[in-house]
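The next block holds one structure in the form of structure tokens; read it before the comments.
The values are calculated or read from the model by the stated rules, or taken from the named source; none is laboratory data. Just so we're clear, the structure is a prediction, and the values are computed from it rather than from any experiment. Don't worry about glycine lacking a Cβ; one is built from the backbone with ideal geometry, like all the others, and counts go over all protein chains shown. Quick note on the areas: whole protein, heavy atoms, side chains included, nothing else; ligands and nucleic acids left out. Shrake-Rupley method; radii C 1.70, N 1.55, O 1.52, S 1.80 Å.
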Amino acid sequence: MQTIKRTKVTDVLKSKDFGTLVNVRGWVRTHRSSKAVDFIALNDGSTIKNVQIVVDPTQFDGELLKQITTGSCISVNGELVESMGAGQSVEIQCRELQVYGLCGNDYPMQKKGQSFEYMRQYAHLRLRTNTFGAVMRIRHNMAMAIHQYFHEHGFFYFHTPLITASDCEGAGQMFQVTTKNLYDLRKDEDGKIIYDDDFFGKQTSLTVSGQLEGELGATALGAIYTFGPTFRAENSNTPRHLAEFWMIEPEVAFIDLNDLMDLEEDFIKYCVQWALDNCQDDLEFLNKMIDKTLIERLKGIVAGSFVRLTYTEGIKILEEAVAKGRKFEFPISWGMDLASEHERYLVEEYFKKPVIMTDYPKEIKAFYMKINEDGKTVQGTDVLFPQIGEIIGGSVREEDYDKLVAEIEDRHIPMKDMWWYLDTRKYGSCPHGGFGLGFERLILFVTGMQNIRDVIPFPRTPKTAEF
């Protein structure tokens, strides 16, 4: 086979160099055969679109052509010609063909209506399907948008540790990190495990958040952001939870509550606009196949303004809805943590736009949030989105040393684990704040997908870590 430099399918489809010889390589989406001509739809992952390969079956081994089925990997040299068919401007007249890998009839990703639940069993192969190709390209673009946004706005990318000795938010069960022999654990007289001989000399876990260390960066560099994996060992099987997921956590010195809400809204709109500008083909595919209101909804996010609502006002709206006959699974009262159904009612039915909720009861929020003058509420912010619920959680952080110590003691957080965090309030403390955005929840919203396990390549959930 003649050596020709490979051209990606996305570039071939844009080319007008008709009559030139090109090489494309990729995986077969479909293969239609007849006596006169074969049509192979080839995709290499660079775009949602396929390039059509036109094959004269009399010029090739008929038995080999029969074996080139969906999923097979091939290399094609051919002449780029203008296409006469609908839906495509170019096609390739095959001159030479090489098979890299055939695909038997037992290939799990055959072209038929398979459920996403079925495809999760084959996470190593589902990436080759149109839907997951689109989702992963959008995921890449959202990562690029996040880095670009913060770079343009003077933030520094700050790497926080994945292994930690503290539970940032009291966020529940954490995955332990140890080199100890689990079959021969030394314990003290109270039956507690002795960690003196462990790798770090103390009990350590995978982080649930880089925020606390991020605050240290903000009080030195002014504005930082983290973007990395976080871990929660909660036995949750909902469509909104993963055991391993990615978080974006900016922290900013000298920011107040209004500035924080401005940052949250501007950041989200920037990411959504990036998707509209850079992922048109993939969004159009998902709009057609997954959610026919997707693009309209994304454009609505960019065009409108977010509602800013206090927790107390939100509770009042929900109570009025109940009084008028609206049914909720969970009861509503001041002081409770809002359920997803309550958040989605406010966003999707009452306001019909995103909501930034503020001033939550301090008992239901983390110890580090700045307490308001009323002594009952804190300067926390949750950004609530249609179809998702909470997509961002943030706050102005408490910068007063004595107030922070009192809150830590009140919540029985071990002081020995927090000395370094408290030092930032002893030595040059400053007002500061930030937020955390669950990356997969952003991808859920931008793609219109319904389950968080379908927007990460290899989901980690209870009893699932195969791939």
Open item on the list: residue 316 - would you say it is farther than 19 Å from residue 268 by Cβ, open to solvent by 60 Å² or more (accessible area, probe 1.4 Å), part of a helix (DSSP H, G or I) and basic (Lys, Arg)?
Closed with: yes
TODO: Would you be able to tell me the number of residues in region 57-109 that are in a strand (DSSP E or B) and not β-branched (Val, Ile, Thr)?
DONE: 16
Task: region 250-292 - residue that is of a type in the set (S, T, N, Q) and in contact (Cβ under 8 Å) with a residue 60 or more places away in the chain and, of those, surrounded by the fewest Cβ atoms within 10 Å (Cβ to Cβ) - done: 278
Open item on the list: Consider region 17-55. How many of its residues are without any contact (Cβ under 8 Å) to a residue 60 or more places away in the chain, open to solvent by 40 Å² or more (accessible area, probe 1.4 Å) and either more than 21 Å from residue 137 (Cα to Cα) or in a strand (DSSP E or B) (or both)?
Closed with: 7
TODO: Just one of (1) open to solvent by 20 Å² or more (accessible area, probe 1.4 Å); (2) at pLDDT below 95; (3) closer than 30 Å to residue 300 by Cβ trips up residue 410, so point out which.
DONE: (3)
Task: Number of the condition not met by residue 241 [criteria: (1) within 16 Å of the chain's Cα centre (by Cα); (2) buried (at least 19 other Cβ atoms within 10 Å of the Cβ); (3) at pLDDT below 95] - done: (2)
- [ ] Name the one entry in 439, 467 that is among the hydrophobic types (A, V, I, L, M, F, W, C) and surrounded by fewer than 15 Cβ atoms within 10 Å (Cβ to Cβ).
- [x] 467
TODO: With respect to residue 327, determine if the residue is assigned to a loop (DSSP other than H, G, I, E, B), exposed (fewer than 15 other Cβ atoms within 10 Å of the Cβ) and basic (Lys, Arg).
DONE: yes
TODO: Could you list all residues from region 176-191 that are part of a loop (DSSP other than H, G, I, E, B) and of a type outside the set (Gly, Ala, Ser)?
DONE: 178, 179, 180, 181, 182, 183, 184, 185, 186, 188, 189, 190
- [ ] Given the conditions (1) among the acidic types (Asp, Glu); (2) without any contact (Cβ under 8 Å) to a residue 40 or more places away in the chain; (3) open to solvent by 20 Å² or more (accessible area, probe 1.4 Å), report the number of the one that residue 198 does not fulfil.
- [x] (3)
TODO: Quick one: residue 396 ticks every box in (1) of a type in the set (A, V, I, L, M); (2) at pLDDT 95 or above; (3) more than 20 Å from residue 261 (Cβ to Cβ) except a single one, so which number is it?
DONE: (3)
TODO: Could you please let me know if residue 3 is open to solvent by 40 Å² or more (accessible area, probe 1.4 Å) and at pLDDT below 95?
DONE: yes
Open item on the list: Condition first: open to solvent by 50 Å² or more (accessible area, probe 1.4 Å) and either modelled with pLDDT under 90 or touching a strand residue (DSSP E or B) at 6+ places or on another chain (Cβ under 8 Å) (or both). Now tell me which residues in region 163-191 satisfy that.
Closed with: 163, 167, 169, 170, 173, 175, 176, 178, 185, 186, 187
Open item on the list: Can you tell me which residue is farthest from residue 309 (Cα to Cα) among those in region 344-380 that are open to solvent by less than 20 Å² (accessible area, probe 1.4 Å) and in contact with a Leu (Cβ under 6 Å, 6 or more places away or on another chain)?
Closed with: 347
